[in-house]
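Report on the structure given below.
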């Protein structure tokens, strides 16, 4: 949020306006009964290695979706003050940071693979289309053979375009993991 002010105290009428930026952080609060709420019930390893809960990840995605463009974002886990363990919280924050990096890198890799596959499919389809025309025109094949060669060419072209369209999902995930990577994670004790 920006606010424009007139002249600073003691300035003359010829001084330029100046802008003061007010930094506000967006906070996403998630209430926990225990630290185990963040992790899968089926994984018995310690907090540093444990798999994150699908329910937690879904809830986090829903809440972050509205704030992807927010530059200053805090994810705050609310837990009873009596149940807090600072050492466990450090391990959990480290695990969440590791998860963010792994998923962002995986998503980037998968996005690149999908783009290359889409380009390959379109190229194969266009090559088959040209080949079908060349074969019929140059070698006097039965004109019906051109139609049979055009079927796979259209399949590859449309499949490639379909993959291009589905790449939007990778863009959405990219924004999600970028927002998650920018966010600060903290725990806060609550009374009661």
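The values are calculated or read from the model by the stated rules, or taken from the named source; none is laboratory data. Quick caveat: nothing in here was measured; it's all calculated off a predicted structure. For neighbour counting, all protein chains shown are included, and Cβ atoms are generated from backbone atoms with ideal geometry for every residue, glycine included.
If you go through segment 14-26 and keep only what is modelled with pLDDT under 80 and closer than 30 Å to residue 189 by Cα, you end up with 22, 23, 24, 25.
Rundown of residues vs (1) modelled with pLDDT of 90 or more; (2) assigned to a helix (DSSP H, G or I); (3) at positive phi, yes/no style:
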{"residue": "28", "(1), (2), (3)": "no, no, no"}
{"residue": "43", "(1), (2), (3)": "no, no, no"}
{"residue": "46", "(1), (2), (3)": "no, no, no"}
{"residue": "49", "(1), (2), (3)": "no, no, no"}
{"residue": "55", "(1), (2), (3)": "yes, yes, no"}
{"residue": "60", "(1), (2), (3)": "no, yes, no"}
{"residue": "71", "(1), (2), (3)": "no, no, no"}
{"residue": "76", "(1), (2), (3)": "yes, no, no"}
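Among the residues of segment 144-166, the one identified as surrounded by 17 or more Cβ atoms within 10 Å (Cβ to Cβ) and closer than 30 Å to residue 100 by Cβ is 163. Out of 171, 189, one residue alone is exposed (fewer than 14 other Cβ atoms within 10 Å of the Cβ), touching a helix residue (DSSP H, G or I) at 6+ places or on another chain (Cβ under 8 Å) and more than 30 Å from residue 48 (Cβ to Cβ). It is 171.
A count restricted to segment 59-116 and to residues that are surrounded by 13 or more Cβ atoms within 10 Å (Cβ to Cβ), farther than 15 Å from residue 175 by Cα and either without any contact (Cβ under 8 Å) to a residue 12 or more places away in the chain or under 20 Å from the mean Cα position of the chain (by Cα) (or both) stands at 13.
Residue 126 passes every criterion in (1) modelled with pLDDT of 90 or more; (2) loosely packed, with under 13 Cβ neighbours inside 10 Å apart from (2). For segment 102-118, how many residues meet the condition of being touching a helix residue (DSSP H, G or I) at 6+ places or on another chain (Cβ under 7 Å) and either outside any helix (DSSP H, G or I) or farther than 19 Å from residue 176 by Cβ (or both)? Of the residues in segment 102-118, 2 are touching a helix residue (DSSP H, G or I) at 6+ places or on another chain (Cβ under 7 Å) and either outside any helix (DSSP H, G or I) or farther than 19 Å from residue 176 by Cβ (or both).
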